[in-house]
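A.B. asks: Pasting a structure here, questions to come.
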Amino acid sequence: MTQPRSAVILGAQWGDEGKGKIVDVLSEKFSVVARYAGGHNAGHTVIIQGKKFVLQLIPCGVLRPGCKGVIGNGVVLDPMAFLNEVKKLKDAGLPVDGQLFVSNRAQVILPYHRMIELAAENAPGRTKIGTTSRGIGPAYEDKMHRSGLRVVDLLNSALLRTHIENACHEKNTIAHALFGTEPLDPKTMYEEYARAAEQVAPFVTDTAVMLNDAIRNGEKVMFEGAQGALLDIDHGTYPFVTSSSATAGGAVTGTGVGPTQIGTVIGVTKAYVTRVGEGPFPTEIHDDTADLLRARGQEYGAVTGRPRRCGWLDLPLLRYSNMINGTEWLVVTKMDVMDECAEIPVCTGYKIDGKVTDVIPADMRGFDAIEPIYTKLKGWQASTEGITEFDKLPKLAQEYLHFIEKESGAKIGMVSTGPDREQTMNLPAFEEALKA
């Protein structure tokens, strides 16, 4: 039996690893790109010949002529955000009609989801998670509570009206009682979303059937993750996580494609680590080096503009991510950001309560007790920006990559040396795997 011609591409850290660029680069070799989790809290930035595109819901594959984009059932869809993104792509002259598809089983975000999340995040005594307040979490709550609205229901005007009336009565009562929030008007909401439904309708189909047919017909399919593995609802640094399955397993449940149809898993990791919002971060840098990395790496959220926390590469966390995802290949991004570092500490293990370990704690108290064990590597202090051949990298940069590969347990297949589509190198073994 031949290996399926499909791949999952996901973030190996806490998101913001540059997945958007990598999906865009690789989409040249795939005919379909399917997004399987998250909502419009995930900003994927792609730079093509100096022109910047920020996609939040729509898979990056649509930036390639002839590549189809699919929003899977595991995604929560804000119709207004979706239509706004479609308009921006059309205004940029990109073909969207007939190239972009939305699962009829995806859950819908409505205004009361944003109302609840914003109020809860700012309520006294609540643990701040650092959400984007776009209604993602409450929409997934309704999904698990079996009281959510799906895209197929959005297109049924009678059902939509009843759902909004009932939901607004419930959510307004809860929000007012708990947070003193002013009520939302169901009539206005229904009229607005009924109009939006008409515009969303041409994109809606059974994407599970579509994807399985594509794989059966020998087409190459890429599954695009959102956020990163360490933000996964089950396997991440709970409770400072997202509300969906950001790991490779989410590609199966979030698209309706069986696990035997997944050919390989590609994890994207920065040459260092960043994190947005609250939560544990064992290798976080607290001196001027963090400012240097943040400035050189433009470490500000694509969606929120929030400055990202910066830290040294954490190999125990990377090994954990590779384990839970079954990662075969690694893509290392933002090598050029570290060009000025004279010394690069890399965390190779942990010390917890005096004991050396690389086991990842399940609870926050375990993370609080971590003392990172660092191996200090010499920085290359030469420009790597735009280099597209491994042999032309400074020798110390090559050694850094060899060290990551040896310690992480996954093969390095690509290296990104700048934000543009062209500033990327494929290593020979990975190039051969892509052809196969």
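The values are calculated or read from the model by the stated rules, or taken from the named source; none is laboratory data. Note that the structure is predicted; figures quoted are calculated from it, not measured. Because the Cβ atoms are built from the backbone with ideal geometry, glycine has one as well, and the counts that use them run over all protein chains shown. Protein only, heavy atoms only, side chains kept; ligands, DNA and RNA dropped before computing areas. Shrake-Rupley method; radii C 1.70, N 1.55, O 1.52, S 1.80 Å.
A.B. asks: What is the Rg over Rh value, at two decimals, for segment 60-197, using alpha-carbon atoms and the Kirkwood definition of Rh?
C.D. replies: 1.01
A.B. asks: Calculate log10 I(q)/I(0) of segment 236-328 for q = 0.11 Å⁻¹, where I(q) comes from the Debye formula with a single equal point scatterer on each Cα and nothing for solvent.
C.D. replies: Each listed q maps to, in turn, -0.40.
A.B. asks: Length gain on complete extension for the stretch residue 284 to residue 187, per 0.36 nm per residue less the alpha carbon to alpha carbon distance?
C.D. replies: Residue separation times 0.36 nm, minus the Cα-Cα distance, leaves 30.1 nm.
A.B. asks: Roughly how many Å² is the accessible area per residue of the chain, as a whole number, for a 1.4 Å probe?
C.D. replies: 42
A.B. asks: Further, regarding this structure: Only Cα pairs within less than 10 Å get springs; with that Gaussian network setup on the chain, which residue of 409, 72, 38 has the largest fluctuation?
C.D. replies: In this elastic network of the chain, the residue with the biggest mean-square fluctuation among 409, 72, 38 is 409.
A.B. asks: Kindly flag which residue pairs out of 68/406; 19/68; 270/411; 19/52; 355/411 have an alpha-carbon separation exceeding 24 Å in this structure.
C.D. replies: Checking Cα-Cα distances, 68/406; 355/411 exceed 24 Å.
A.B. asks: So how much slack lies between residue 323 and residue 296, counting 0.36 nm per residue of separation and subtracting their Cα-Cα distance, in nm?
C.D. replies: So the chain would gain 6.7 nm between residue 323 and residue 296.
A.B. asks: Express the carbon and sulfur contribution to the solvent-accessible surface of the chain as a percent, rounded to the nearest whole number, probe 1.4 angstrom.
C.D. replies: 51
A.B. asks: What does the charge dipole of the chain about its Cα centre add up to, to the nearest 20 debye, if the Cβ of each Lys and Arg holds +1 and the Cβ of each Asp and Glu holds -1?
C.D. replies: 560
A.B. asks: I've got another one for you. Quick check on the chain: what are the equivalent-ellipsoid semi-axes from the Cα gyration tensor, as sqrt(5λ), descending, whole Å?
C.D. replies: For the chain, the semi-axes come out at 36, 27, 19 Å.
A.B. asks: Give me, ordered by chain and number, the residues 5 or more places off residue 6 or on other chains with an amide H under 5 Å from its own placed amide H.
C.D. replies: It is 221, 263, 264, by chain and number.
A.B. asks: Here is a follow-up. Ranked highest first by average number of other Cβ atoms within 10 Å, how do 257-268, 347-358 line up?
C.D. replies: Going from most to least packed, we get 257-268, 347-358.
A.B. asks: Show the residues, 5+ positions off or on another chain, whose built amide H is closer than 5 Å to the amide H of residue 373.
C.D. replies: Amide H neighbours of residue 373, under 5 Å, 5+ apart: 348, 349, 350, 351.
A.B. asks: So which helices of the chain fit the span-like rule, where a helix is a whole DSSP H run, its Cα atoms reach 27 Å or more along the axis, and its mean Kyte-Doolittle is at least -1.0?
C.D. replies: What comes out of the filter, once short or polar helices are dropped, is 157-179.
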